[in-house]
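Colleague: Quick one: structure below, then a few questions.
Bear in mind these aren't lab numbers, they're just calculated from the coordinates by the rules spelled out. Please read all numbers here as calculations on a predicted model, not as lab measurements. Cβ atoms come from the backbone with ideal geometry, glycine included; neighbour counts cover every protein chain shown.
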Amino acid sequence: MAPAWREAFLLHESQYFDKAYATPPPAIHWIFLWAFVALIVFVFYKGIALIAFKILSAFSEKSDAVQN
């Protein structure tokens with residue numbers, strides 16, 4: 001006879017499989033999730049580009065002021 005903890009573990013894993021894999025969330029859920037992730041990545045990229053632009057333009061303005 002198997003130990004009680006083994007039976008409890010197998011029951012838990014079976015319930016998890018039924019909830020997570022046998023009935024996956026609807027596709028629209030994944031579409032919204034990945035659209036949100038893409039938006040976050042896009043905003044992060046644009047933020048880094050803006051910061052780099054501001055830093056480089058500040059250096060450029062300083063070098064222009066020194067040359068004049």
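Colleague: Each label point is 7 Å from the Cα along the Cα-to-Cβ direction; what then is the distance between the points at Lys46 and Arg6, in nm?
Modeller: So the two model labels end up 5.8 nm from each other.
Colleague: Could you tell me how many cubic angstrom of Cα convex hull volume the chain has per residue?
Modeller: Working: hull volume 7.6 nm³, N = 68.
With only Cα atoms used, the chain gives 112 Å³ per residue.
Colleague: Then there's this: How large is ³J(HN,Hα) for each residue in the stretch 18-33, as worked out from phi by the Karplus curve 6.51 cos²θ - 1.76 cosθ + 1.60 (θ = phi - 60°), to whole Hz, x for Gly and Pro?
Modeller: Per residue, the Karplus-derived 3J(HN,Hα) values read 4, 7, 8, 10, 6, 10, x, x, x, 4, 4, 4, 5, 4, 5, 4 Hz.
Colleague: Cut-off under 28 Å on the C-alpha distance; same-chain residues fewer than 8 positions from Lys46 excluded. Which lysines are left, in chain and number order?
Modeller: By straight Cα distance, Lys46 reaches Lys54, Lys62.
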